Each structure stands twice: as C-alpha cells, then as structure tokens.
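This report refers to the structure that appears directly beneath it.
The values are calculated or read from the model by the stated rules, or taken from the named source; none is laboratory data. Since we're looking at a predicted model, the values are computed, not measured. Heads up, the Cβs are rebuilt from the backbone with ideal geometry, glycines too, and the neighbour counts pull from every protein chain shown. Surface areas here come from the heavy atoms of the whole protein model, side chains and all, with no ligands, DNA or RNA. Shrake-Rupley method; radii C 1.70, N 1.55, O 1.52, S 1.80 Å.
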Amino acid sequence: MIQTLASNTGSSTGRPSSSLHRLFTMGSFISAEIAISFALGQSRFLKLMMSIRVTAALLALCISVIGDDRSSGWWSVQPVQEPPVPTVTGEDAAWCRNPLDHFVVQSLRAHELGPSPMADPQALCRRLFYDLTGLPPSPEQVDAFVMAAQRDFDAAYAALVEALLESPAYGERWARHWLDIAHYADTHGFERDRRRDNAWPYRDYVIRALNDDKPYDQFLCEQIAGDVLSPGDPDCLVATGFLAAGPWDLVGHEETKSPVQRRAARTLDLDDMATQVMTSTVAITVNCARCHDHKLDPISQKEYYQLVSVFAGLKRKDRPIVHSGKDGIENASMIFGIVADSDPPIVHLLDRGDPESPLEEVSPAAPSWIKSPAPEIGSSRMPEGERRVALANWITHRDNPLTRRVIANRLWHWHFGQGLVATPSDFGNGGSLPSHPQLLDFLATKLLEEKWSLKAMHRLIVTSATYRQTSQASEDALAIDSGNRLLWRMSPRRLAAEEVRDAVLAVSGKLNREMFGPGYRDFDYQEEYAPVYRYRTADTPELWRRSIYRFVVRSTPHGFMNALDCPDPAVMTPKRLTTTTAAQTLALFNNDFMLRQSAYFAERLQSVSTNFDEQITLGFKLAFARPPETSETVAAHDLIQSSGLATFCRALFNANEFVYLD
C-alpha cells in the first residue's frame with residue numbers, strides 16, 4: 001500500500017515527494033494517513049504508524065548522536081568516547097543489574113516500551129549452557145542451579161556463569177563463531193578440492209586461545225604476524241593459519257602451465273587474505289575496491305592494493321613445526337599455513353583488477369579513511385614481516401575506532417541473535433546504523449578497561465537484566481518494534497547446526513568429549529582428479545566427537561548439516577542464515593543419524609528405569625531441561641505404548657522446544 005502511494009505521490013523521477021517523506025518521519029501527510037487507515041482499519045493503522053515513527057525516531061537518534069557525513073564524519077570512524085551511564089529511577093532502577101541495562105531501558109522508555117520480566121530459572125540455565133558452551137545442561141546441573149537460586153539467585157547465577165566460562169566447552173563453542181569468519185575448512189576448495197590434512201592445529205589454537213582468555217588484541221596480532229612477533233613460539237606460528245584458512249586454487253597455483261592463470265590465482269589469493277583480515281577485525285569491505293574505487297566508502301582502488309602489498313610476500317603451503325608440548329599441537333609434525341618471502345615482490349595497482357594490466361607501484365598502507373592511528377606502514381622496500389607487524393599494530397591500536405566496536409558488536413550479535421549494528425562485518429556506508437550507539441561505545445570502552453578480555457565482556461553481557469529477560473512476546477510491543485531492535489525481550493534463537501548435532505549426542509549419552517587433534521572423517525574418500533567424498537552415518541565413538549572437530553569439506557556439503565543451515569566454508573560468514581524448510585523436518589525425522597541416536601536415547605532411558613513415567617520425566621529433563629506437564633506425560637505414555645520408547649525419543653528430538661532456545 002505504501003509503495004502504491006509512493007508511486008502516486010512521487011515526482012516524475014520516481015522519487016518520493018517531500019509530503020511522503022513526512023509520512024515516514026512525522027506521520028503528517030494527512031491524505032496518505034486517511035488512505036492507509038481505510039485500507040488497514042483504524043487499529044492496524046495506528047500500530048503501523050507507531051512502528052513507522054519508532055523507526056524514524058531511531059534513525060534521527062543515530063544521526064543526532066553519530067552524524068550522517070558519509071566520509072570522515074561517518075559514525076564508525078569517529079573516536080570511541082565513553083558515554084555517561086544514563087540515570088534511571090523507580091522500577092527501572094530496580095530492574096537494572098549493570099550499566100548495560102541503563103542504556104537499554106532508557107531507549108525503551110523513549111519509545112513507550114518497557115522491559116520484559118526475567119525468564120524462569122530453568123530457561124535461564126538452558127540459555128546460559130547453550131550460549132556459553134553449545135551444549136545442553138544435564139538434569140543434575142539444572143536441579144542444582146534451581147535449588148541454589150532459591151537460596152540466593154544472584155549468587156547462584158554468577159557462580160553458574162563463572163563455571164561455564166571456565167569450562168573447556170566454552171572455547172569449543174566460541175571458536176566456531178571465529179572459524180565462520182575465517183571460512184576455515186579442511187580441504188582446499190576449487191575444482192580439485194584436495195584434502196588439507198594439516199589445517200587442524202589452527203582450529204585447536206583458536207579453541208585454546210579462547211579458553212585461556214588470551215587478550216583479544218594479542219589474539220589478533222598472533223594471527224596476523226605471530227611468526228614474526230614470536231618466532232620461537234610454535235603456537236604463534238600455528239596462529240598465522242588464519243591467513244591461510246580460506247580456499248586455495250591448487251590448479252592455478254601449482255598445476256597450470258599458463259602464467260596468466262597463475263597470476264589470476266595469485267591475485268585472488270592475496271584478495272582473500274586482505275579481505276579476511278580487514279572484514280574480520282575492522283569490518284571494512286576493502287574488497288569492493290579491487291576493480292575500482294569503493295562505491296560507498298571513501299576507499300580508493302590504490303588503497304586496496306596498498307593493503308594487498310602487506311601480504312604480497314606470503315604463500316600457503318604445508319610446513320614443518322617443532323612440538324610445543326601443548327594439547328593438540330604435540331601430535332602435529334606439519335601445519336598448513338603461510339610461508340614468507342623476506343623480500344616480497346612489488347605490488348602494482350591493477351587496471352580494473354586485471355593482473356595483466358599493472359599500473360603504478362604502491363607501498364604498504366592502511367586505509368586513510370581511519371584518521372587515527374596514522375595509515376602509513378612503510379615503503380615498497382619494507383621487509384615482509386615488518387609489514388604485517390605494522391598492520392597488526394594499526395588494527396589493535398587503542399585509538400583505532402573500529403576494532404573494539406566491531407568485536408563488541410560481534411559478541412552482542414552472538415548472544416542476542418542480532419548485533420547493535422545489524423551488519424557485523426560492514427561498518428561502512430553500506431552497513432546499518434547502530435540501534436544503541438552509546439551502548440556500543442560503552443562496550444568498546446569497557447573492553448579496553450578489561451585489558452581486552454573477552455570473558456569479561458561475556459560476563460558483563462550475560463549478567464545484565466537485558467539478557468535475562470523472558471522471550472515471551474507482547475502484541476503491543478510487537479506492533480511498535482516487531483524486530484526487537486530495542487531489546488524489550490530476549491529473542492528466541494534456533495540452535496545452529498553444530499549445536500543440534502552436539503545436543504542430540506549429549507542427550508542420547510553418546511557424545512565423545514575428546515578434545516583437539518585431527519578432525520573426525522565421517523566420509524569415505526576416493527582419490528580422483530576431483531576427489532570424491534561420500535558421507536556415511538556417524539555411528540562409532542570416534543565420529544561422535546563435537547562438531548567443531550568435523551573434517552570440513554568445501555566442495556561437498558554434509559547433507560544433514562547443510563539442511564540445518566551450516567554455512568558454506570568457501571565464504572566468510574559473519575552472520576548465519578536461519579531458514580525454516582521442509583528439508584530440516586525431514587532431516588531431523590528421517591536421517592539415519594537421528595534414527596540411530598533416538599534408539600540410543602531410548603536405551604539410555606531404559607538403563608535408568610523400566611517405569612514409563614520415570615522414563616518420560618527423564619526424557620523431558622534431558623531434552624528440554626524441565627519436567628513434563630501432566631498432559632504431556634499422558635500423551636507420551638500413550639505414544640510409548642503404541643509405538644515404542646524410541647519413537648517417543650524421536651519425537652522429543654523433533655520438537656520445536658528441542659531446537660529452539662527461549
């Protein structure tokens with residue numbers, strides 16, 4: 001209806017008229033309001049106009065706080081400044097648990113909304129376990145928390161948070177997020193897609209670094225230039241596997257006899273390195289300037305090739321490593337990573353990105369859009385290692401306005417399902433504005449105060465009243481803010497593919513908790529020009545490890561995981577898709593893995609009790625972290641009698657409550 005009105009009231013150029021603009025910003029275009037009111041009815045019309053006004057108010061707030069200059073004045077490149085914590089009173093003050101809540105509730109009240117009540121203890125326990133470890137709580141863990149919460153809720157909640165942050169499963173869970181950004185996999189990709197048997201030490205490095213709470217600035221520096229910063233530390237050499245984690249064209253680099261094809265492959269290789277470093281750390285889409293100046297951000301094509309020259313001396317290949325004695329690495333004699341040429345080749349700006357059309361010579365530099373720290377890195381004669389060290393220092397400099405904002409936003413996104421900035425790898429003009437700009441800067445400031453500790457940021461976020469809210473919806477709130485950008489409740493979240501698989505194994509009692517080392521291979525491998533990977537059902541203990549240890553094949557997606565929206569490892573995935581398809585239902589109900597795990601789940605229940613009611617109660621507690629209601633017990637009892645215990649277990653695995661987190 002609005003589009004129709006726009007076409008009728010716009011100018012001959014097809015642009016909306018100023019009156020229609022006022023409709024969206026102020027709701028003052030009376031004739032349009034009347035037309036929409038007749039079309040929708042008064043009640044729905046009023047809700048629509050409230051939603052439009054909230055959106056306009058959010059945009060006006062962002063512009064007033066961060067400015068709308070799309071070059072040097074763009075919000076994300078301004079210095080991070082710690083905002084004052086808003087003052088709240090009355091029931092809002094009683095609701096708040098830490099400073100984050102003050103920013104949230106202030107925004108809610110400005111839009112005539114209020115926060116939701118706290119979720120019940122069982123739901124909070126399940127939420128924390130999945131968010132921080134990616135695994136479901138056991139019935140004993142839920143009962144212990146509920147009992148402790150009855151005595152002192154805040155103390156019990158804080159103790160559970162600390163226990164989960166110290167769990168080895170924490171690193172396994174949160175490493176998956178980082179590996180999505182790094183588009184990590186265990187094969188090269190492209191047409192040959194050969195196995196990359198020595199890639200796994202980098203995956204283990206990420207897990208260990210997160211479990212050890214390695215400061216985030218050090219974490220980044222080691223992945224960009226660890227081999228130069230600490231040449232005697234095998235861990236730092238393994239860390240640079242980050243630069244080699246993406247796809248690699250075996251034919252273009254080694255097998256072709258065509259120098260043109262080799263140069264083209266090399267160009268794509270360097271583009272992958274530069275793009276991965278910049279999008280993951282500072283959320284700048286530098287790759288959009290490979291063939292021409294960036295269309296949206298003030299990044300020139302020359303600046304793109306200046307960034308590329310930082311990595312010009314690197315090539316990807318297997319290389320030996322000295323044992324470090326640390327878990328996961330002592331079994332590695334080779335790693336797939338980078339090999340550096342101390343005298344890197346000269347890089348030229350390429351006309352339209354064509355390696356056959358070199359133009360002027362460029363020297364290493366960071367984008368000048370960010371004014372502080374200074375973008376200069378060095379000359380074209382600068383040694384290879386010094387280039388990467390300089391870029392790593394530029395990225396992690398305390399004055400860089402992007403790095404801390406970007407990781408703070410990623411943490412928020414991974415906890416709440418959407419970031420304060422909805423485009424976590426694009427903080428440029430093509431990205432979205434922050435919904436809570438002052439809250440984002442508060443988080444960025446806090447990260448520096450906490451010496452770049454990610455665990456400290458997790459602690460701050462999950463202990464907030466905002467995080468503890470129920471996911472129950474309100475029709476009035478939905479009418480104003482259907483996307484929950486204002487955070488008036490906790491948005492329900494569907495478990496990721498790895499979480500679903502790991503939860504199934506945990507509930508059936510078959511999860512193998514062995515950590516580190518080469519990934520498990522749930523496929524039969526056939527050597528061909530283009531290797532063949534034929535998946536088989538994971539039905540042995542070595543294949544029941546957590547999904548983080550899966551041997552990931554780029555060219556042949558795993559059918560079960562792919563149905564559940566497991567991302568394509570050929571591309572960087574800052575934000576996973578969440579779809580609802582018939583294929584997911586069929587996979588969860590009929591996949592051979594699910595059928596066998598349902599049988600194992602039934603065996604687990606039978607080993608505890610032969611009483612149907614006790615089996616039903618335990619099944620619900622294992623799958624949903626709660627006991628069944630009376631009506632559920634009756635229905636489950638009838639199902640077991642008619643179809644067997646395994647069918648009951650299969651039904652639990654296929655319930656929305658199993659795959660969704662409230």
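Using the Cβ-Cβ distance between Glu191 and Arg263 with R0 set to 30 Å, the FRET efficiency from 1/(1 + (r/R0)^6) comes to roughly 0.95. In order along the range 331-343, the phi-based Karplus estimate (6.51 cos²θ - 1.76 cosθ + 1.60, θ = phi - 60°) of 3J(HN,Hα) comes to 8, 9, 9, 9, 10, 8, x, 10, 10, 9, 9, 4, 10 Hz; Gly and Pro are listed as x. Highest average first, the peptides 581-587, 313-319 ordered by how many other beta carbon atoms sit within 10 Å of their residues are 313-319, 581-587.
Run through the range 304-395 and list the GluC sites (Glu not before Pro) located in a DSSP loop whose Cβ has at most 14 other Cβ atoms within 10 Å.
Details: sites: Glu330, Glu356, Glu360, Glu361, Glu376, Glu384, Glu386; in loops: Glu330, Glu356.
Within the range 304-395, the qualifying GluC sites (Glu not before Pro) (loop, at most 14 other Cβ atoms within 10 Å) are Glu330, Glu356.
The magnitude of the dipole of the range 180-287, with charges of +1 and -1 set on the Cβ of Lys/Arg and Asp/Glu and taken from the Cα centre, is near 420 debye. Evaluated at q = 0.23, 0.25 Å⁻¹, the base-10 log of the normalised Debye intensity for the range 554-607, with identical point scatterers placed on the Cα atoms, takes the values -0.90, -0.97.
Within the range 221-286, the trypsin sites (Lys or Arg not before Pro) that combine a DSSP coil assignment with at most 10 other C-beta atoms in a 10 angstrom radius are Lys257. About the centre of its Cα atoms, the chain shows a dipole size close to 780 debye [charges on the beta carbon of Lys, Arg (+1) and Asp, Glu (-1) only; nearest 20 debye]. Over all Cα atoms in the range 83-126, the spread is summed up by Rg and Dmax: 11.8, 35 Å.
Size estimate for the range 583-633 follows the Kirkwood approach: the inverse of mean 1/r over distinct Cα pairs works out to 12.0 Å. The alpha carbon gyration tensor of the range 486-617 gives principal lengths a ≥ b ≥ c with a/c of 1.5 or higher and a/b no greater than b/c, which makes the shape oblate. Between Arg398 and Val571, what is the FRET efficiency for a Förster distance of 35 Å, r being their Cβ-Cβ separation, to the nearest 0.05? After rounding, the FRET efficiency stands at 0.65. Here is the size of the chain from its Cα atoms: Rg then Dmax, 26.7, 80 Å. The trypsin sites (Lys or Arg not before Pro) of the range 544-641 include none that meets both criteria, a DSSP state outside H, G, I, E and B (loop) and at most 11 other C-beta atoms within 10 angstrom of the site's C-beta. Across every direction, the projection of the convex hull enclosing the Cα atoms of the range 224-285 has a mean area of 5.2 nm². Extension gain, Ala159-Ser607: 0.36 nm per intervening residue step, less the Cα-Cα distance, totals 158.1 nm. Summarising the label geometry, the points placed 7 Å from Cα in the beta-carbon direction at Asp152 and Asp476 lie 3.7 nm from one another. Of the accessible area of the chain, computed with a 1.4 Å probe over protein heavy atoms only, carbon and sulfur atoms account for 53 percent.
Between Pro86, Ile299, Val347, the Cα set farthest toward the positive side of the dipole of the chain (charges on each charged residue's Cβ, about the Cα centre) is that of Ile299.
The magnitude of the dipole of the range 251-291, with charges of +1 and -1 set on the Cβ of Lys/Arg and Asp/Glu and taken from the Cα centre, is near 180 debye. A helix-only calculation puts the chain at -15000 deg cm²/dmol for mean residue ellipticity at 222 nm, using -39500 (n - 2.57) for each DSSP H run of at least four residues, averaged over all residues. Here the spin labels are modelled as points 7 Å beyond Cα on the Cα-Cβ line, and at Lys295 and Thr633 they lie 6.3 nm apart.
Residues within the reach of a label modelled at Glu614 (point 7 angstrom out along Cα to beta-carbon, backbone nitrogen below 17 Å), restricted to the range 131-164, are 139-140.
Rank-order 215-225, 559-569 by packing density, defined as the average count of other C-beta atoms within 10 Å over each peptide's residues, highest first. Spell out each step's value before the answer.
On the way: 215-225: 23.2, 559-569: 19.3.
So the peptides 215-225, 559-569, ranked by packing, come out 215-225, 559-569.
Calculate I(q)/I(0) for the range 483-530 by the Debye formula, one identical point scatterer on each C-alpha and no solvent, and give its log10 at q = 0.15, 0.21, 0.26 Å⁻¹ to two decimals. With one equal scatterer per Cα and no solvent, log10 I(q)/I(0) is -0.71, -0.91, -1.06. When the listed pairs Lys371/Lys575; Lys371/Lys455; Lys315/Lys455; Lys295/Lys371; Lys575/Lys621 are checked against a 23 Å cut-off, the alpha-carbon distance exceeds it for Lys371/Lys575; Lys371/Lys455; Lys315/Lys455; Lys575/Lys621. Reported to the nearest whole Å, the Cα centre-to-centre distance from the range 122-165 to the range 520-553 is 34.
Residues in the range 109-222 average 33 Å² of solvent-accessible surface per residue, probe 1.4 Å, ligands and nucleic acids excluded. Principal semi-axes of the equivalent ellipsoid, √(5λ) from the alpha carbon gyration tensor of the range 243-318, are 24, 14, 9 Å from largest down. Peptides 90-96, 241-247, 191-197 ranked from most to least packed give 241-247, 191-197, 90-96, packing being the mean of other C-beta atoms within 10 angstrom over each peptide's residues.
Taken along the Cα-to-beta-carbon direction at a fixed 7 Å, the label points for Glu449 and Glu82 span 0.5 nm.
Backbone N atoms of the range 534-565 closer than 13 Å to the 7 Å Cα→Cβ label point of Thr581 belong to residues 557-565. The relative contact order of the range 323-408 comes to 21 percent, based on Cα pairs under 8 Å that sit 6 or more residues apart. Subtracting the Cα-Cα distance of Asn562 and Ser230 from 0.36 nm times their residue separation leaves 115.6 nm of extension gain.
For the range 81-204, what does the relative contact order come out to in percent, with C-alpha contacts under 8 Å and a separation of six or more?
16 percent
Put simply, the range 347-485 fits an ellipsoid with semi-axes of 39, 20, 11 Å; these come from the alpha carbon gyration tensor as the roots of five times its eigenvalues, largest first.
Rg and Dmax, both from the Cα atoms of the range 110-230 and both in Å, are 19.5, 61.
Here the range 265-317 and the range 183-258 have alpha carbon centers that stand 18 Å from each other. Translational diffusion of the range 410-482, estimated by Stokes-Einstein from the Kirkwood radius over alpha carbon pairs at 10 °C in a medium of 1.306 mPa s, is 115 µm² per second.
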